[in-house]
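Input: a single structure, listed below in structure tokens.
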Amino acid sequence: MSEWILGIIGGSGLYNIEGLENKEWISIDSPWGEPSDSILFAELNGIKLRFLPRHGRGHSLAPSDINYRANIDILKRAGCTDLLSLSAVGSLREDYRPGDFVIVDQFIDRTFKREKSFFGLGLVAHVSLANPVCSRLAQFATKAAQSAGVKVHNKGTYLAMEGPQFSTKAESNLYRNWACDIVGMTNMPEAKLAREAEIPYASIGMVTDYDCWRENEDNVDVAAVMEVLKENALMASSTVREISKIIKDYGLRDNGLEGIETNLEFAIVTPPESRDTRLVAKLDAIAGRVLN
């Protein structure tokens, strides 16, 4: 049993939540390069929170330019026991409307320019992603968003595209044919790396638009998205406030039933004598528990 330290990955409004206490921005170095920003250490309702602006304060990083490995690494170094992602998404379903929140349960990764693993040449590991989100944290997120007054869909398949351009109509319709529910640009490889770091991860997709698949409707544009984002940001802040209450009521943290916190024990296939010592050193935070 241990205390909860909840990492929040999202936009700028999230670290301005009313009631945050003991706030301090702390810069953490990573052997994987430059992270998006410093981390805001804070407390809310007695729960320790760690906020990381995914695109940096000022939104200076495009989705493909985010150093996802460094971000997950410094959140691990900051002691995060769990990670909650909040991000804007387009809807691929008529009933998932702008302003709704979607609790992601599956991903399809169509990104191609990003480093997707902490492991590789000299130290190979294979983690399971059959169920890529933590069901307990996802349930907390569902209850929190509902308590905040948001229309919530408690499951959804998230198509991660490279961007930064929005979809073509052909792509949007292809994703719908694949039974995807929402489309976004940031949750992959974030979720994969969180699993390699043995950190339970859940994702809230905040719907801003209908992508471009709907006939007789204006195509998605930044101005329209930003208008919905303003309202979503208020609801996201309320959701974070509510999830801190849920976690406080839960009490001390125990490991979940899915084995996320220990999944590296059976994932590393390179024997100790064949491991690249330089890569082992870089993995001190991510996999030190099993490598040492």
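Overview of results
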quantity: Whole-Å distance, taken between Cα centres, linking the stretch 91-108 and the stretch 152-205; calculated: 10 Å
quantity: q = 0.08, 0.09, 0.13, 0.15 Å⁻¹: log10 I(q)/I(0) that the Debye formula gives for the stretch 85-291, counting C-alpha atoms only; calculated: -0.32, -0.40, -0.78, -0.97
quantity: Ellipticity estimate at 222 nm from DSSP helix runs (n ≥ 4, -39,500 (n - 2.57)) divided over the chain, nearest 500; calculated: -8500 deg cm²/dmol
quantity: Full-stretch length increase - N255, K169 - with 0.36 nm per residue and alpha-carbon distance subtracted; calculated: 26.7 nm
quantity: Full-stretch length increase - L121, D95 - with 0.36 nm per residue and alpha-carbon distance subtracted; calculated: 4.9 nm
quantity: At least 15 Å along the helix axis (C-alpha) and Kyte average at least -0.5, DSSP helices within the chain; calculated: 135-147, 222-250
quantity: M235, M226, M206 arranged by Cβ crowding within 10 Å, fewest neighbours leading; calculated: M226, M235, M206
quantity: Difference of contour (0.36 nm per residue) and Cα-Cα distance, R289 to E273; calculated: 4.0 nm
quantity: Low-density loop positions, trypsin sites (Lys or Arg not before Pro), the stretch 1-98 - DSSP coil, at most 14 other Cβ in 10 Å; calculated: R57
quantity: The stretch 234-291 and the stretch 1-67: distance between their alpha carbon centers, rounded to Å; calculated: 17 Å
quantity: Modelled label reach - E265, point 7 Å along Cα→Cβ, the stretch 1-31 residues with backbone N closer than 19 Å; calculated: 1-2
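Every number in this text was worked out from the coordinates using simple rules, so none of it is lab data. Given the structure is predicted, the values throughout are model-derived calculations rather than measurements. Cβ atoms come from the backbone with ideal geometry, glycine included; neighbour counts cover every protein chain shown.
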